[in-house]
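Remarks on the structure that follows.
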Amino acid sequence: MTAQPNVFTMDATQIDIVPIEGELNVGPQHPGSGHLRIYVKLNGDIIEKAELDVGYVHRSVEKLAEVRNYMHLIPLVERPAILDSIHMNLGYILALEKIMGVDVPDRAQYLRSLAAEINRIASHLYGTGILAVFLGHSTGFMWGFGDREVWVEVLQALTGARVTNSYIIPGGVRRDLTPTIKEMIEKAIRYQRKRIPEWKRIFLNNPNIRARLENVGVMSKEQAIAWGAVGPNLRGSGVYYDVRKFEPYAAYDRLDFEIPVYKEGDAYARVHVRFNEIEESMKIIEQIIKEIPQGNILSDRFFKQIPPTRLKKHYETHGKIVFPGYYASFRPPKGEAISRVEAARGELVYYLNSDGSPKPYRLRMVTPSYRTIYVFEQLAKGARYADLVAIYGSLDYFPPEADR
Amino acid sequence: MMDILQDIKYVIFYPSFFVMIIFPGLIAGGLFVLFAIWFERKIAARVQMRVGPYYVSRFGGIAQLLADAIRVALQEIIIPAGVNPTLYVIAPIFPLLFAFLPLAFLPIGVIPEQGSVFSAYYHSFFDPGVNMGVIAALPTEYSLIAVLAVEAAYPIFIILQAWATNNRFALVGAVREAYLSVAYDVLILMSVIATAVEYHTLDVAKVVQSGIPGIVANPLAAFVFFVGLIMATSRFPFEIVEAESELVTGPATEYSGLLFLLAMGGSYFGTYVYALYFAAVFLGGWYPLSGFPGAVILFLKAAVIVLFSVFLRSVYGRYRIDQALRNSWRLLLPVALASIVLGIVGGWLWIR
Amino acid sequence: MSAQPEAKPPQVPQQQAQQAQQKQESSLSRKLNEMKTRLNVPVNVKVESERRATIEVDKSNLLAVAMALRSIGFDHVKTVTAIDYPETETFEVLYHVSSYTDFELAKTIVTLRTKVSYKDPTLPSLHPVWESAWTGERETYEMFGIRFEGHPDLRRLFLDEDFEGVYPMRKSYKVKTEGLFVDRPA
Amino acid sequence: MDQVKIREYDKNKNPFRLFGAHVAAVGEGIKHAIKPKTITLRYPDVSMTLPTNYRGMIRLYKDVCIGCSLCAMICPADAMKMTTWEGKKLPQINYGRCVFCGFCVDVCPVDALRETRVHDAAFQSRRELVFNPDKFNQDFDQTLPVKGTVRKVRAVIDENKGIRYVPDE
């Protein structure tokens, strides 16, 4: 202890603390941990090391992929992140379509983007809610889930299920957009737009929340790149990267939207990115329902295989695609494909290797939260114990998605 | 026969007994705390797009809390291995006790010489400061400070409780309580000193009888005291000691059953007693009424404070411990100092 | 919220943008081939499209190639994937790498593939080159039993404590499946 | 590629603005306490009717079924299995495994499987979760154990309240 630092200007990391070491097992039965255990090594109030003991909700998707055929995998791959299931589904189908060489009609492309953006809003609201309850802000938690309910209701009308949508199939989508759903979406957008100022007053601009998030878990641009951060966490650190811009899939090359990037790299910037993305997503959805072209929602290759009587009964009257028998068990050609989509939490990568049999030889699924594990461990080092949950929440780390 | 009734009436309305046990003490306080928790859940539910307690009883689930309290009280009490069982069992009683005891010094009304049920005790509870009797369990001329002196013992027993449970989460919570108490005690004490200087007295009854509510005479002190109140009783946004997402339930982590009820009840009783004190010093207390109606007025004012402080749960998250400390020393301490200056000026120019 | 424009890249007119796109098509292969000549180790570069390329490399040269890739702007690993080929008793390990900083390279994913045999399932860890390989290498280690030498924390990640010695993602680890009929054996 | 715009959030920490933000937050809370936007339902007194295209429990039309096994082949969860029933190949379903993806319904070439809107079901044991073709052939019917009447409502998106419930006949 030589020169005393200025007590009023120093931050948490500069304080000399008499070493009092101890370990805390946060989770998996801990109210703030979710489905993982965080082994925290404390020195006073400062975390020396946080080790993530993951795997409590491991579903071994990659192993099961070896014994399931391609259609069976659609519900399986979306299970790890049911609140982001459209993206999980979409990434897998993109890889599969690359191997099969299927062209997707325009209308289906737009519908994919539509469902994905609705899902992105729902997922961001969920993430904000979880962050809020980690900070003790129970209203943010309930509001996140309450507002998400509106979008889930829209998704349910579109796909027929609340979260496990299984909406996207090879060659297209399963159900068409109807005027009723269009109207629902317009109302939902208007509702959400009205809600955002309220959110700002009670949560985002609340001095209490700002104090908890500003300068917490700061990740510089270089660190974000080195640690391989993804999605809003990466963009919160000032890196301009979004798969929707760099490798447009679905209808994104025809849509006009911005990618919010923040410079600061702290938890508050990450929350801001999410809020701005909700606004951007609503803009995208508005464009889609205005510009969506007419046409089929399934690739002609499969569409022709559906018997005309069934088409008439289901597609022409209810806008519902029924499957040709081909889907029950098909063999794509030999080959491999790698696809990436921008899921709500970040970049989602699928690597699919087909040996010509009805089952994939190898499916590799790298989810955004999986890539956040390392980021989380690094960010927690040197943080205060109370900030552990703030960092956890602001990274939007979702244990089942990481475990797969 | 009449004599016995008269005797019973004398005993019941004997201020020491009446204040501590009946009103606003144990019975009224206990019921009010249950109501406050119900209100906390119900108002949070309204803000949060939910319904809240609904099924138990017909009036918005108002008996839900009673049902919950009975359920928790009847749960098995588990005493962990490796603790001192005696200490473990008695530890949660102390915080509750020391949250409640300061009420003894707090006057809740004045006794007119005639016309009130309390008039019989006019002479034995005479306060020369206000030239009237006061309804207080232990009337003293130093009640402004005496209440705080007893209340200051509260955090020590929280630490004892955590120590007795031998749990790391509890210990971290206890350390936070220790740090926090350093911050809020200073604030509360300074705002009270400001008031004392302004009113030239250490007697709550005299402050009230002056007829000027503290919040008018010294709004800064009232604000600082209110923040200190929230901090001292672990209400949001200073619910740092029990921080659920970090520390499970802080010092109460290991407790179950009736002991859990006791361990958690302390902070609500603390809020209640502090609110009574706040209502007396800063909100004009019972003035201009006297006797029992005055006490009811005081109680209602305190109720508003308690309900507002539990309502804050639906607006705020919790601060970090270092932020709470820094804010209290950096932002509120200057305000508290200003309130003392204001107190001196006000006491010099206005209140004689 | 103040939105301050900062670090604007020069706005290119439509025509120039198209030219840039054509140039970009070749830029990946040009960059990779440049790297190959500079490296002076046997590598097999295959550019499949403007967005995908594969580099096959012997495991002894893996680290050198990774360094070279890093130096031309590939700054993170997306996935570390191992594939088991029981017929040849080899594992193939794939690193999918890309870039965040270089906007041209960000549009591409380069697969760095190498092979290890069952007999000596060790690879040099690429953690010193790309920190982001940390999770993927740990998972590949526990699922396939491939050791990454030089990895700072090579322990099991997802599996239970009692999974010692069994590598579930190898093809020799069978998953039971059921038939279509409940009353006839599959 | 658009222009890269790097934003910064407002870092103003003026104590008076902080105080103003506190007041705004508390005011917002009070506003919602006075005029709540409740969206939860008082289930089971009030129960929600699901939209017509909802993928609920599945019902088999035994007479229509041709026993082609496509449903069992496409079932991702091994819930749908074929069985020999009265000399005919018919599907049976195990609701303990069903994930309600609706693939079987969509793939059935003769529409022998249909989705119902029934969603809330309770069973006494796991054995009951397996529906043999006869049980599968009936509409799943289960009355909710509530005293009095259950009010049926339908969710409607509302611009001000998010979700509004209107009575459903």
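Remarks
- Build a GNM of chain B with springs between Cα atoms under 10 Å apart, and of B:Phe226, B:Phe59, B:Phe157 the one that fluctuates most is B:Phe59.
- Between B:Leu97 and D:Asp141, the simple spin-label model (points 7 angstrom out along Cα→Cβ) gives 6.6 nm.
- Here the calculated FRET efficiency for D:Thr116 and B:Val182, from their Cβ-Cβ distance with R0 = 51 Å, stands at 0.20, rounded to the nearest 0.05.
- Across chain A, the relative contact order, built from alpha-carbon pairs under 8 Å that are at least six residues apart, equals 25 percent.
- Cα shape, region C:81-161, gyration tensor, a/c 1.5 rule: oblate
- Taking the C-alpha atoms only, the angle from helix A:267-291 to the longest principal axis of chain A is near 20 degrees.
- Region A:37-403 - Kirkwood radius from inverse mean 1/r over Cα pairs (Å): 21.1
- Backbone N atoms of region A:136-171 closer than 14 Å to the 7 Å Cα→Cβ label point of D:Arg154 belong to residues A:157.
- Taking every alpha-carbon pair under 8 Å whose residues sit at least 6 apart, region C:17-149 reaches a relative contact order of 22 percent.
- Over chain A: helical MRE at 222 nm, DSSP H runs n ≥ 4 each giving -39500 (n - 2.57), nearest 500: -13500 deg cm²/dmol
- Classified by the C-alpha gyration tensor, region B:226-352 has an oblate form. Its axis ratio a/c, with a ≥ b ≥ c, is 1.5 or above, and a/b does not exceed b/c.
- Amide proton proximity set for A:Ile169, modelled H, under 5 Å, gap of 5+: A:Arg174
- Mean-position separation - Cα centroids, region A:125-154 and region B:1-49, in angstrom: 38
- Region A:225-324 - Rg and Dmax from Cα coordinates, angstrom: 19.5, 59
- Here the protein assembly as shown has an Rg and Dmax of 33.7, 116 Å, counting Cα atoms alone.
- Label positions at A:Tyr39 and B:Ile21, each projected 7 Å from the Cα along the C-beta direction, are separated by 5.7 nm.
- In summary, the convex hull built on the alpha carbon positions of region D:55-136 has an orientation-averaged projected area of 4.9 nm².
- Positive-end residue, the protein assembly as shown charge dipole about Cα centroid, Cβ charges, pick of B:Tyr184, C:Gly179, D:Phe123: C:Gly179
- Förster-model FRET efficiency, 60 Å R0, B:Val11 and B:Val341, C-beta, rounded to 0.05: 0.80
- Note on chain B: GNM, Cα springs under 10 Å; of B:Ser57, B:Ser116, B:Ser245, the largest mean-square fluctuation is that of B:Ser245.
- D (Stokes-Einstein, µm²/s), Kirkwood Cα radius, region C:136-184, 1.306 mPa s at 10 °C: 125
- Across region B:69-83, computed HN-Hα scalar couplings (Karplus, 6.51 cos²θ - 1.76 cosθ + 1.60, θ = phi - 60°) run 5, 5, 4, 5, 5, 8, 5, 5, 8, 9, 9, x, 5, x, 10 Hz from first to last residue, x flagging Gly and Pro.
- Chain D: Cα Rg divided by the 2.2 N^0.38 Å rule of thumb: 1.63
- For region C:31-81: rounded, prolate or oblate by the Cα gyration tensor [a/c cutoff 1.5]: rounded
- For chain B, the convex hull drawn through the C-alpha positions has a volume of 147 cubic angstrom per residue.
- Charge sum, other residues only, whose C-beta stays under 9 Å from A:Ile47's C-beta, Lys/Arg counted +1 and Asp/Glu -1: +1
- A:Ser60-A:Gln294 FRET efficiency (beta carbon distance; Förster radius 51 Å; 0.05 resolution): 0.75
- For region C:19-112, convex hull volume per residue from C-alpha positions, Å³: 91
- Amide H contacts of C:Phe181 (H built 1.01 Å from N, under 5 Å, at least 5 apart or other chain): D:Met82
- Region A:187-213 and region A:293-333 have Cα centres spaced 43 Å apart.
- Percent of alpha-carbon pairs separated by more than 20 Å within region A:29-98: 49
- The aspartates and glutamates within cross-link reach of B:Lys42, meaning a Cα-to-Cα straight distance under 16 Å and a gap of 8 or more places when in the same chain, are B:Asp68.
- Chain A: most fluctuating residue of A:Pro360, A:Pro232, A:Pro179 per GNM, C-alpha cutoff 10 Å: A:Pro179
- Which listed pairs, of D:Lys13/D:Lys37; C:Lys107/D:Lys5; C:Lys119/C:Lys171; D:Lys35/D:Lys161, have C-alpha distances above 21 Å, in listed order: D:Lys13/D:Lys37
- Relative contact order (%) - region A:219-319, alpha-carbon pairs under 8 angstrom, separation at least six: 23
- Distance from region B:105-178 to region D:1-52 (C-alpha centre basis), Å: 40
- Estimated inter-spin distance, D:Lys31 and A:Ser220, nm [label 7 Å along Cα→Cβ]: 4.1
Read-outs throughout are calculated quantities, based only on the coordinates presented, and are distinct from any laboratory measurement. Bear in mind the structure is a predicted one, so any value in this text is a computation, not a measurement. Don't worry about glycine lacking a Cβ; one is built from the backbone with ideal geometry, like all the others, and counts go over all protein chains shown.
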